[in-house]
Amino acid sequence: MNKVKFIQGENKHVKLLVRAPNDEPFTILSATYTLSRFGEVEAEGECDINGHYLDIKMEPKKKAKSYMLEITYAVVDSVRKARIEVEVI
């Protein structure tokens, strides 16, 4: 699982590159994110889609090693998910 670090008080972009397993062309139709800690949602919203990149600007509020950023995106007729661990120091 990928991991991103923040210093408490930072707000910055987290970008995710989406790739097809066999390099076939595709289009991301929609994408959302949820930032949670111990199952409690702190932030959620739409991702900016730029080609095959998903961009989320966020600011985790509490110092913690246990945030989870879950991204849900739609490609053609399938819905896929990615998770990124977020640590705030």
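Using only C-alpha positions, report the orientation-averaged shadow area of the convex hull of the chain, nm², one decimal.
Details: hull surface 22.9 nm².
It is 5.7 nm².
Would you mind calculating the relative contact order of the chain from Cα pairs under 8 angstrom and at least 6 residues apart, reporting the percent as a whole number?
Over the chain, the number comes to 40 percent.
Where a number appears in this text, it was derived from the coordinates with a stated rule and is not lab data. Just so we're clear, the structure is a prediction, and the values are computed from it rather than from any experiment.
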